[in-house]
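Structure record follows, encoded as structure tokens.
The values are calculated or read from the model by the stated rules, or taken from the named source; none is laboratory data. Fair warning: this is a prediction, and the values are worked out from it, not measured in the lab. Ideal geometry is used to build each Cβ from the backbone, glycine not excepted, and the neighbour counts take in all protein chains shown.
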Amino acid sequence: MEEQSQPPINVALCVTNETMNRVGRVMRHLAVGLVDAAVPLRLLSSDPRVESLSLGPIQTIIHQPIKWPVAGRRLKRLLEVLAHQPPTIVHAMSQGSYRTAGAIAEHFDADLIQHVSSIADIDAVNRGTGRPAAKLIATSRPLSEMLTHQLRISADRVELIRPGLMTSPQLACFSDSIDLPSILCTSSLDRTSGVELLIDAIASLRKRKIEVMVFLLGKGRHESALRKNIRQKGLLSSFTIASPLGNLMQAMDSADIFVRPCEETAFYTSSLLAMAAGMAVVTYSNEACDHFIDGKTAILCHDDSPEALANALERYINDVGYARQMARHAQEHVKTNHSMSRMAELTATIYRQLALQRATLALKGN
């Protein structure tokens, strides 16, 4: 039996609602890149939004949520759909799909890949999900180091592949000196997202005679309470709240400052998109990310008071040159470290390496 020059690859990419909320745009770039790399790909999800990623030869399989008490029955149906063309690789994009992906990989004796982009993903890897992953892909160096140092996973099983995005040809930050400074926030409208802190910070700026326009692109259970807070503080003329529909990049291209007003433990595309668009970024620490470099790519607030956030915003507003310099550094960081082509190329390389290892083992077993 002769060794195949290109071992067969058939990838099932498991995408959850959580994945789409956090990195939907990155998923589209990855799908396009894998099509260009001639990687046979199927997308599995219970989120209908995944259909927007169905490009050319990519098949989308929308299934019912696989959860107790009907998990076994629904998983069986999904396995039946996949059986006519069994996957050789099952790639789970977040901890919400680890268990399902592991069961699919176990059933078809496929290689399992787990994508790690949050502390919740790290915890899930630590707990174990049945079938061990052949590879773990971390979206940042801190997450990669948590896997190898804290969980003591062999370094040859962990790959660092940063999410890839396209950068704008110009800076959005203060490109128009006539309009009021504009602030964009894409956090969810709930109690833990820090939006109330942002509202208080804008009230503090007004007391300092600094007027701004704030665009909240989000939705959540506490939208009515947040609107009431804005009204009570007399800030109706400063805030616009809208659902995050349409092209987010268009909103970013016309805004100056991007704010993520709370500490987080997961990677979200929105902050990276803002940097790619050339916005000046204000945020808090995020142990799942390494693109926030205090004083170079963003201002990191180390105090959760409204005054501290207002001070960071005022720093940009009162020094446009500094704001544009920070935006330029951030945009260059994205261009250097978050290439779309590199993301797809490295992912496809992992697929091919796993396929080659499997083919080599099959040859040795004959």
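So here's what we get for this one:
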item	result
Subset of the range 292-351 that is under 25 Å from the mean Cα position of the chain (by Cα) and among the aromatic types (F, W, Y) - its residue that is farthest from E263 (Cα to Cα)	Y351
Residue within the range 109-129 that is among the hydrophobic types (A, V, I, L, M, F, W, C), at pLDDT 95 or above and assigned to a loop (DSSP other than H, G, I, E, B) present	yes
Residues located in the range 139-168, provided they are closer than 21 Å to R99 by Cα and in contact with a Lys or Arg (Cβ under 9 Å, 6 or more places away or on another chain)	T139, L147, R157, V158, E159
Among residues of the range 198-223, those that are within 25 Å of the chain's Cα centre (by Cα) and either not β-branched (V, I, T) or not assigned by TED's automatic domain parsing to the domain that holds E264 (or both), counted	10
Matching residues, the range 292-337, being under 16 Å from L165 (Cα atoms), surrounded by fewer than 22 Cβ atoms within 10 Å (Cβ to Cβ) and touching a residue at least 40 places away in the same chain (Cβ under 8 Å)	R328, H333, K335, N337
Condition broken by R231, with the remaining ones in (1) loosely packed, with under 15 Cβ neighbours inside 10 Å; (2) over 30 Å from S177 (Cβ atoms); (3) at pLDDT below 95 satisfied	(3)
Verdict on S168 being polar (S, T, N, Q) and at pLDDT 95 or above	no
